[in-house]
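J.: One structure is given below, represented as C-alpha cells, and several questions about it will come after.
The values are calculated or read from the model by the stated rules, or taken from the named source; none is laboratory data. In this text, all values refer to a predicted model and were calculated from it rather than measured experimentally. When we count neighbours, we look across all protein chains shown, and the Cβ atoms used for this are built from the backbone with ideal geometry, even at glycine.
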Amino acid sequence: MGKIDVIEKFLRYVKIDTQSDDTTGTSPSTMKQHDLAKLLADELTAIGASDVYYDKDHCYVYASIPSNIDDGKERPAIGFVSHMDTSDEVSGKDVKPRIVESYKGDDIVLSADGKVVLSPKDFPELLNHVGEDLIVTDGTTLLGADDKAGVSEIMTMAETLLTDSSIKHGDIKIAFTPDEEIGAGTAFFDIKRFGAKYAYTVDGGKLGELEYENFNAAEGNITVNGRSVHPGDAKNKMVNAALICYEFHSLLPVFQNPMYTEKREGFFHLTEVNGGCEKATASYIIRDHDEKHFEEKKALFAAAGEFLNKKYGAGTVEVEIHDQYYNMIDKIRPHMHLVDNAKKVMTSLGITPIDSPIRGGTDGAALSYKGLPCPNLCTGGYNYHGKYEYASIQEMKKVVDILLRIVDAYGKDY
C-alpha cells in the first residue's frame with residue numbers, strides 16, 4: 001500500500017501560497033486559494049477520478065472513486081476531506097521546505113542567520129522522531145502541513161486506488177475546502193454533491209490521533225464607553241475606558257486561560273485589545289468541551305459586564321456573545337463504527353490509537369452538525385501555524401496506509 005509518492009505531492013503543494021484572511025469578507029477569503037484548487041481538480045481528472053467538480057465561485061473541489069465491488073451488497077459511501085488554506089498567523093508565501101534525513105535528536109537550525117532553531121529543548125516531542133526523516137521550514141514561513149499533509153495523503157490514496165484494482169472498495173468521495181483556518185471551511189460545502197454517508201477529515205497531527213470531540217466555541221466582544229476629561233481636572237469626572245477593559249478581564253478566572261489549560265479544560269482567550277480613555281474594545285474566544293461549563297463561561301462573561309455597569313453606570317460596558325460551533329461528539333455517538341474502524345485499522349498497522357479531544361474546531365465538527373458524521377484523522381504534522389512546523393515522512397506514509405485500510409474496511413461488511 002502507499003506506492004505513490006505522498007512526499008513528492010506534499011513538497012509541490014506547500015509551495016503554493018494559499019493563506020486565508022478573515023478580514024476580506026469574501027468566499028474564498030483569498031483568491032490565491034484557487035491556485036491549488038485548480039491544480040487538484042486537474043490532477044484528479046488526470047488520474048481518472050470521476051465526477052470531478054471545481055466550484056469556481058467558492059473554491060471547493062469534489063471528486064468520486066466509484067465502487068469496484070459488484071456483489072449486490074449495499075455499502076455506505078465514505079468520504080475524505082482536507083482543507084487547502086493555511087493559517088493567517090505566519091506567512092505561507094515562498095515556502096522552502098527542507099528534508100532532514102535520519103534525525104539524530106539534536107537542534108535543527110532553520111534560518112540562514114541561525115536565529116530560528118527547532119530544538120528538543122523547546123519541543124521535546126522531537127525526540128520521538130529520532131531516526132525519521134523530517135520536513136522542516138527555512139525559518140521564515142510556516143510549512144503548510146496543516147493541512148497540505150492531509151491533502152497529499154488523500155490524493156495519494158486516490159491515485160493508489162485508481163491504479164491498483166486489487167484494492168476492493170465501495171464508493172469513495174473526496175473534497176478539498178478553502179478557509180478552514182478562519183472558521184469558514186464549510187460555509188458553501190455542498191453535502192449533496194459530495195455524496196458521502198460518512199466521512200473523515202484528515203487534519204490532525206501526531207500519528208495515531210483520532211479526534212471526535214472538539215470545543216464548544218463562542219466569540220465574546222466588549223465595548224467600553226468611557227468619558228475623556230483633561231487629566232488635570234479629572235477627579236470624579238473621568239471614566240477611563242481602557243482601564244475598565246482591563247478591570248473586565250480581571251473578573252475572569254486567571255487560570256481559565258490557554259496558557260494554563262490542556263486536554264478538556266476550557267478557557268477565556270483575550271485575542272485583541274484596542275482603545276483609550278474615551279472608548280476601548282476587547283475580543284475574546286470562549287471554549288469548553290463540556291456543554292454545561294460552556295454555558296457557565298458565557299454567563300460569567302455577561303455577568304462581568306453587568307457588574308461593571310452597576311459600578312460605573314448603565315451602558316458603560318456593552319457585551320456581545322456569539323456561538324461559533326459545537327462539540328461534534330453528540331453527532332458521532334450514534335455512528336461509533338467510524339471511530340471503532342479507525343482504531344482497528346491503526347492497531348492492525350502497529351499504530352497505537354490516541355483519543356485526542358480537539359482543542360479547537362475542524363471542518364468535521366461543522367459537517368457533523370450539518371448531517372455528515374465526520375471524525376478527524378492524523379496527518380503526521382506538528383507545530384502547526386508557525387515557522388517551527390514540521391512533518392514526519394514516515395508518519396505521512398503510514399497515514400496513507402491508514403486511509404487505504406479504512407477504505408478496505410468499508411468495502412467489507414462494516
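J.: Taking the condition of being among the charged types (D, E, K, R) and touching a helix residue (DSSP H, G or I) at 6+ places or on another chain (Cβ under 7 Å), how many residues in the stretch 101-136 meet it?
T.: Qualifying residue count for the region: 2.
J.: Consider the stretch 46-76. How many of its residues are surrounded by fewer than 16 Cβ atoms within 10 Å (Cβ to Cβ), part of a strand (DSSP E or B) and either on the phi > 0 side of the Ramachandran plot or not polar (S, T, N, Q) (or both)?
T.: Of the residues in the stretch 46-76, 1 are surrounded by fewer than 16 Cβ atoms within 10 Å (Cβ to Cβ), part of a strand (DSSP E or B) and either on the phi > 0 side of the Ramachandran plot or not polar (S, T, N, Q) (or both).
J.: Being of a type in the set (A, V, I, L, M, F, W, C) and part of a loop (DSSP other than H, G, I, E, B) is the filter; apply it to the stretch 1-16 and report the residue that is surrounded by the most Cβ atoms within 10 Å (Cβ to Cβ).
T.: As a first pass, look at the stretch 1-16 and keep what is of a type in the set (A, V, I, L, M, F, W, C): 1, 4, 6-7, 10-11, 14, 16.
From what is left, the residues that are part of a loop (DSSP other than H, G, I, E, B) are 1, 4, 14, 16.
Numbers: MET1: 18, ILE4: 20, VAL14: 28, ILE16: 21.
Out of the qualifying residues, it is VAL14.
J.: Could you identify the single residue in ASP147, ASP179 that is within 23 Å of ALA46 (Cβ to Cβ) and of a type in the set (D, E, K, R)?
T.: Selected residue: ASP147, the only one of ASP147, ASP179 that is within 23 Å of ALA46 (Cβ to Cβ) and of a type in the set (D, E, K, R).
J.: Here is a follow-up. Can you name every residue in the stretch 219-241 that is in a strand (DSSP E or B) and aliphatic (A, V, I, L, M)? Reasoning before the result, please.
T.: Going residue by residue through the stretch 219-241, those that are in a strand (DSSP E or B) are 219-225, 227, 239.
If the condition is that a residue be in a strand (DSSP E or B) and aliphatic (A, V, I, L, M), then ILE222, VAL224, VAL239 are the ones that fit.
J.: A further question on this structure: Can you find a residue that is modelled with pLDDT under 95 and buried (at least 17 other Cβ atoms within 10 Å of the Cβ) anywhere in the stretch 308-326?
T.: There is at least one residue in the stretch 308-326 that is modelled with pLDDT under 95 and buried (at least 17 other Cβ atoms within 10 Å of the Cβ).
J.: Among (1) closer than 22 Å to MET84 by Cβ; (2) within 18 Å of the chain's Cα centre (by Cα), there is one condition ALA218 misses while meeting the rest; what is its number?
T.: (1)
J.: Further question on the same structure: For the stretch 171-203, how many residues meet the condition of being closer than 19 Å to LYS344 by Cβ and at pLDDT below 95?
T.: So the answer is 0.
J.: Condition check: assigned to a strand (DSSP E or B) and either touching a Gly at 6+ places or on another chain (Cβ under 9 Å) or in contact (Cβ under 8 Å) with a residue 24 or more places away in the chain (or both). Does ILE244 satisfy that?
T.: Working: assigned to a strand (DSSP E or B): no; either touching a Gly at 6+ places or on another chain (Cβ under 9 Å) or in contact (Cβ under 8 Å) with a residue 24 or more places away in the chain (or both): yes.
So ILE244 fails the test.
J.: How about the stretch 17-40: which of its residues are crowded, with 21+ Cβ neighbours inside 10 Å and among the aliphatic types (A, V, I, L, M)?
T.: LEU36, ALA37, LEU40
J.: Test each condition in (1) surrounded by 17 or more Cβ atoms within 10 Å (Cβ to Cβ); (2) of a type in the set (S, T, N, Q); (3) free of Cβ contacts under 8 Å to residues at least 60 places away in the same chain for SER348 and report the one that comes out false.
T.: Exception for SER348: condition (1).
J.: Please go through the stretch 379-414 and pick out each residue that is in a loop (DSSP other than H, G, I, E, B) and within 24 Å of ILE108 (Cα to Cα).
T.: Those that are in a loop (DSSP other than H, G, I, E, B) and within 24 Å of ILE108 (Cα to Cα): THR379, GLY380, ASN383, TYR384, HIS385, GLY386, LYS387, TYR388, GLU389.
Okay, residues lined up against (1) assigned by TED's automatic domain parsing to the domain that holds PHE176; (2) touching a residue at least 40 places away in the same chain (Cβ under 8 Å); (3) among the polar types (S, T, N, Q):
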residue	(1), (2), (3)
ALA49	yes, yes, no
VAL61	yes, yes, no
ASP70	yes, no, no
ALA77	yes, yes, no
SER91	yes, yes, yes
